[in-house]
Each structure stands twice: as C-alpha cells, then as structure tokens.
Amino acid sequence: MLQRVRLAVFLFVLGGFLPSVQADEVWEFVDADGVVHIGNAAPPASRGLVWLSQTPSARGGSGSAKGKEREVSALRLPGYEAAKPHLEAAALSQSLEPALVIAVAAAESAFNVEAVSRKGALGLMQVMPATAERYGVAGRILPDGKHAAMEPKVNAQIGSRYLADLLRMFDGDKELALAAYNAGEGAVLRYGRRIPPYPETQQYVDRVMRFYRALIR
C-alpha cells in the first residue's frame with residue numbers, strides 16, 4: 001500500500017557509527033511510523049538500517065555474485081525468519097509465487113509486523129483497513145488492542161489475496177499488479193493499464209522486482 005518515502009543523504013537513528021561506505025550504495029530504513037527512508041550516502045548510525053543494493057552504475061552487471069549476495073542479504077532482516085512461514089503459506093493458498101509475496105513484504109514493511117504508516121496501512125504487508133474489511137477482517141480488535149489485520153498470519157493472507165486479485169485483474173502482469181498494490185487499481189486503470197507516473201509508485205515497483213529477482217535466482 002501507499003507508504004511515504006523520504007529521500008535523504010543521511011538518516012539519524014540510534015546506534016553506533018557505521019564504517020565509511022561507497023556513496024553509490026543504497027540504504028533503506030523503515031521507522032517506527034512505517035515510513036520508508038532511502039539514501040545513497042552513509043548515515044551516521046546503523047540500527048534499523050537495510051542495505052538494498054548498489055546503484056546500477058556501480059553494479060558492473062546484474063548477474064555479479066557480489067550484487068546477488070547484497071540483494072539477498074537485504075531480505076535477511078530482523079523478523080524475516082519469523083515472517084517467512086506466514087508469507088509462504090499465504091502465497092501458496094492463493095497459488096502465488098512465495099518469492100513475490102516475500103518481496104512485497106520486504107518492500108512494504110522490511111518484515112516489521114508492527115509497522116503502521118501515516119496513512120494507516122498495517123503490519124507486514126501494509127494492509128489498509130478498507131482492504132482488510134474487503135476480505136472479511138472488519139475492524140476486529142485483538143486482546144492487545146491492535147487491529148486484527150496486524151496479526152502476521154492474517155496480514156499475510158489479506159495481502160496475498162489482494163495481490164492475487166490484482167494479478168488476475170492485470171492478466172498476470174507483475175509490475176502492473178505491484179503498481180496497483182501501491183497506488184490502487186483505479187490509478188493503473190486511469191493511466192491505460194500502465195504504471196502511473198508517480199515517482200513513489202515507480203520506485204516501489206522497481207524495489208519489489210529487485211527483491212523478487214534476487215529471490216528466484
């Protein structure tokens with residue numbers, strides 16, 4: 001779903017100082033509000049930081065072993081191992097590729113099951129309450145006071161069902177389905193079944209597809 005993406009040269013977070021890195025490497029950080037921050041210069045601290053990949057100019061070929069290792073390692077985030085079974089089970093229940101569902105969760109929340117965006121998107125796959133209601137999870141509150149859609153297994157199922165519906169709507173085109181997951185299916189239809197010209201959506205589709213390709217190699 002929609003997330004607010006902040007482009008920055010650096011991000012202050014808690015933790016120790018990072019060693020110097022090349023400026024053509026890209027990092028991503030999801031803060032406590034579920035907001036995604038991206039930059040290409042070394043931030044001063046490491047807690048919560050996710051190294052995505054090198055930029056295309058620095059990769060020296062998408063098939064390089066170093067590039068593969070770096071992209072795959074981006075999926076080895078805190079919470080990945082716990083989230084993986086839920087994501088895989090949800091994907092298989094909808095006849096989806098587990099790699100695609102895992103890639104969406106990586107881009108949406110960095111596997112942070114507690115993520116809540118400023119727009120109200122919830123949990124692992126950043127499900128909007130209206131989407132949860134569409135699939136039968138209508139504002140139920142868990143004993144801990146959270147929306148039922150925050151429960152990782154439920155969240156993975158809702159997100160996977162929505163993604164499966166979008167893939168059917170767009171004839172199996174992954175990039176269009178991902179664009180619709182981010183910007184809404186109406187936006188993709190308004191632009192003639194093309195990825196809308198929104199920088200956030202275009203970057204989102206590219207990010208998910210990079211995660212996906214890294215997983216299926």
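Here are some notes:
- Selection status of M169, surrounded by 21 or more Cβ atoms within 10 Å (Cβ to Cβ), on the phi < 0 side of the Ramachandran plot and in the same structural domain as Y212 (by TED's automatic domain parsing): no
- Extreme residue, nearest to A106 (Cα to Cα), among residues of region 192-217 that are free of Cβ contacts under 8 Å to residues at least 40 places away in the same chain and buried (at least 18 other Cβ atoms within 10 Å of the Cβ): V205
- Residues that are farther than 13 Å from V154 by Cβ, touching a Gly at 6+ places or on another chain (Cβ under 8 Å) and not hydrophobic (A, V, I, L, M, F, W, C), drawn from region 109-142: S109, N112, E114, S117, R118, Q126
- Region 121-160 - residue that is part of a loop (DSSP other than H, G, I, E, B) and touching a Pro at 6+ places or on another chain (Cβ under 9 Å) and, of those, nearest to P98 (Cα to Cα): L124
- Residue in region 82-105 that is polar (S, T, N, Q), surrounded by 22 or more Cβ atoms within 10 Å (Cβ to Cβ) and not in a helix (DSSP H, G or I) present: no
- Residue check for L189: part of a helix (DSSP H, G or I), in contact (Cβ under 8 Å) with a residue 12 or more places away in the chain and assigned by TED's automatic domain parsing to the domain that holds S95: no
- Taking region 90-149 as the range and being within 16 Å of L166 (Cα to Cα) and among the polar types (S, T, N, Q) as the test, the residues that pass are S93, Q94, S95, Q126, T131.
- In region 80-100, the residues that are under 16 Å from M150 (Cα atoms) and touching a residue at least 40 places away in the same chain (Cβ under 8 Å): A82, A83, H86, L87, A90
The values are calculated or read from the model by the stated rules, or taken from the named source; none is laboratory data. This one's a predicted model, so the numbers in the text were calculated from it and none came from an experiment. In this analysis, Cβ positions are derived from the backbone assuming ideal geometry, glycine residues included, and neighbour counts consider all displayed protein chains.
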